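Taken together, the values in this text are just the output of simple stated rules run on the coordinates, not laboratory data. These figures come from a predicted structure and were not determined experimentally. So basically every Cβ, Gly included, is an ideal-geometry build from the backbone, and we count neighbours across all protein chains shown.
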């Protein structure tokens, strides 16, 4: 929980989490009274911008669901709107840009709803918008992995409009 709370204080723009559950949950390994670890096997993303899919693969793996990154990508919608003069695709609808591209040059990524829809094909999936640190800790304590979207770092915020005028903050 200490790591989650520290991370929560450092994420600057938004918090959305996706929690996946399959039948019986796994017992996390308690490291200290205020921290725990789930048995996640690391998977190195296979494309330069496939981090959301690689994370979903790792989370499914906790529950014994071994699925190839390519299979998950095949289920991922893509928004192929070309980047042009402050307009680009909508990551709430699908992956924006080239999954093998360069971040914010010709590729970006995808947000929680498309990833949650893919996850729901394999496991019970819950989207927690504006989840509190306590909610996130409860999911982890119950053995349910949580994927968090947020902005972390020192770079300048980046934004654009989708073709239908929806503002996107990256």
Checklist outcome for this item: Note: residue 71 to residue 113 extended length (0.36 nm per residue) minus current alpha-carbon separation gives 13.3 nm
Item to check | In nm, spacing of pseudo-spin labels at residue 169 and residue 105 (7 Å Cα→C-beta vector) | outcome: 2.7 nm
Item to check | In nm, spacing of pseudo-spin labels at residue 130 and residue 157 (7 Å Cα→C-beta vector) | outcome: 1.6 nm
Checklist entry - Between region 122-165 and region 64-104, what is the C-alpha centre distance in whole Å? => result 17 Å
Checklist outcome for this item: The simple spin-label model distance between residue 46 and residue 121, using points 7 Å out along Cα→Cβ, in nm, is 1.4 nm
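Ranked from highest to lowest mean number of other Cβ atoms within 10 Å per residue, what is the order of the peptides 95-105, 51-61? Write down the numbers at each step before the final one.
Working: 95-105: 17.9, 51-61: 21.1.
Ranked from most to least packed, the peptides come out as 51-61, 95-105.
Taking 0.36 nm per residue of sequence separation and subtracting the Cα-Cα distance, how much length would be gained by fully extending the chain between residue 142 and residue 98, in nm to one decimal?
Values: separation 44, 0.36 × 44 = 15.84 nm, distance 3.61 nm.
Contour length minus the Cα-Cα distance gives 12.2 nm.
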